[in-house]
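Where a number appears in this text, it was derived from the coordinates with a stated rule and is not lab data. Quantities reported herein were computed from a predicted structural model and do not represent experimental measurements. Glycine also receives a Cβ, built like all others from the backbone with ideal geometry; neighbour counts cover every protein chain displayed.
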Protein chains: 2
Amino acid sequence: MRRDSRLSGVLHVLLHMAQQPGPFTSETLAKAMDTNPVVIRRIMAGLRDLGYVRSEKGHGGGWTLACDLSKVTLRDVYAALGSPPLLAMGNRTEAPGCLVEQAVNAALDQAFGDAEALLLSRFGEVTLAMLGADLRKRLGSRKLQGMSAHHA
Amino acid sequence: MRRDSRLSGVLHVLLHMAQQPGPFTSETLAKAMDTNPVVIRRIMAGLRDLGYVRSEKGHGGGWTLACDLSKVTLRDVYAALGSPPLLAMGNRTEAPGCLVEQAVNAALDQAFGDAEALLLSRFGEVTLAMLGADLRKRLGSRKLQGMSAHHA
DNA sequence: ACGTCATGTAACATATATAGTTACATGAGA
DNA sequence: TCTCATGTAACTATATATGTTACATGACGT
């Protein structure tokens, strides 16, 4: 399987939602992401359970943001997904009897642990509000590009 | 499939080989690692191509170390495996047209890049000789444990 | 009440990558 | 020339993310 893209996907959804008031149906969001509504519900389930978003059934239902975007970090979102594995590599055997394997594991675990810690730390530094601000900046420069195209 | 354990596996092999003079057949090594000889040949192929080990066919053949263990780092070994993916996560789409996706990718790429760079850097700091020294230390304390058990 | 809409979820299908296994060709040495 | 060992292709097994279908649950409007 290709690499896990759920974090990327769910952030995409949240940022789309932050651009305009909701609610958004899974189908609408799925079309924007070129995927299936069930996939949306799947990756959003954890966020709903933690109260970052709300979902309503029936007419006028769908997904709504339910958190302060400046208080939720990528690390929170990652945790809401169930904290899936970060690294593609690991030890052959955990808690091996073989001393050779223990020596190898010790060295690798050190490096793996450092990398995971750094990644989580970086995730913790970025809020959804910061992502939104970056997006608005990108939207702004695109608008300017459009205008200069008009002028040209 | 569970996480890629080839680096762990090949280091295990190399450390075993460093403990006594070779050559070692794939079958011997496979038994020590509780796996299949073909798996050994597979993960050793890249190391052979780069000259870190040598392989000989026929009677008395097998695998031999062919490098200065103090000059080869985990990073070299990782590269010899073909530099497989380090991270289990990635972006949904590379080079997306959607600005939302671009904003998400930019944030994640930053974190992913940092983590990968750190991991490679850590790999580069550890030589096979250092692993061997750590192993001998572990072998030593096990021997002492055995002796104190005799005394008790 | 009833029909429609939307989520919730199970079940199944698809795709991809590692690991394990079998089979056989190649080549070295006794 | 027989045996041993590597080199490699091909196939199987397994795990996981993703895509899809089907249906139950519940909310809203008529």
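Determine the calculated [θ] at 222 nm for chain B from helices alone, applying -39500 (n - 2.57) to every DSSP H run no shorter than 4 residues and normalising by the residue count; nearest 500 deg cm²/dmol.
-20000 deg cm²/dmol
Give me B:His12, A:His59 ranked fewest to most by other Cβ atoms within 10 Å of their Cβ, as a rough exposure proxy.
A:His59, B:His12
Taking a point 7 Å out from Cα toward Cβ as the label site, list the nm distances between A:Pro84 and the same residue in every other copy, smallest first.
Copy-to-copy label distances at A:Pro84, shortest first: 1.8 nm.
Which whole-angstrom value gives the distance between the alpha carbon centres of the range A:59-108 and the range A:5-48?
20 Å
Starting from a label point 7 Å past Cα on the Cβ side, list the distances from A:Ala95 to the same position in the other copies, nm, shortest first.
4.7
Counting other C-beta atoms within 10 Å, which of B:Ser5, B:Ser83 has the fewest, and how do the rest follow?
Placing the least packed residue first, the sequence is B:Ser83, B:Ser5.
Compute the signed sum of charges (Lys and Arg +1, Asp and Glu -1) over the other residues within less than 13 Å, Cβ to Cβ, of B:Asp114.
So the environment of B:Asp114 carries a net charge of -3.
Which one, A:Thr73, B:Phe123, B:Gly90, is farthest towards the positive end of the dipole of the protein assembly as shown when Lys and Arg carry +1 and Asp and Glu -1 on their Cβ?
Selected residue: B:Gly90.
If I take the Cα coordinates of chain B and project them onto the principal axes, what are the three extents in Å, biggest first?
68, 47, 30
All other residues with a Cβ under 14 Å from the Cβ of A:Ala66 taken together, and with Lys, Arg as +1 and Asp, Glu as -1, what is their net charge?
So the environment of A:Ala66 carries a net charge of -1.
Order by neighbour count: A:Thr73, A:Thr28, fewest other Cβ atoms within 10 Å first, most last.
If I rank by nearby Cβ atoms, fewest first, I get A:Thr28, A:Thr73.
When Lys and Arg each count +1 and Asp and Glu each count -1, what net charge do the other residues less than 12 Å away from B:Leu47, Cβ to Cβ, add up to?
+3
Quick one: with label points 7 Å out along Cα→Cβ, list the inter-copy distances for A:Gln20 in nm, shortest first?
7.3
My understanding is that a pair violates if its Cα-Cα distance is over 26 Å; which of A:Lys57/A:Lys137; A:Lys31/A:Lys71; B:Lys71/B:Lys137; A:Lys31/A:Lys137 do that in this structure?
Over 26 Å Cα-Cα: A:Lys57/A:Lys137; A:Lys31/A:Lys71.
Among A:Asp76, A:Asp68, A:Asp114, which one shows the biggest mean-square fluctuation in a GNM of chain A, springs joining Cα atoms closer than 10 Å?
Looking only at A:Asp76, A:Asp68, A:Asp114, the biggest GNM fluctuation is shown by A:Asp114.
Bin width 10 Å, origin at 0, all Cα-Cα pairs of the protein assembly as shown: what percent of pairs per bin?
Final binned percentages: 5, 22, 24, 17, 15, 10, 5, 1, 0, 0.
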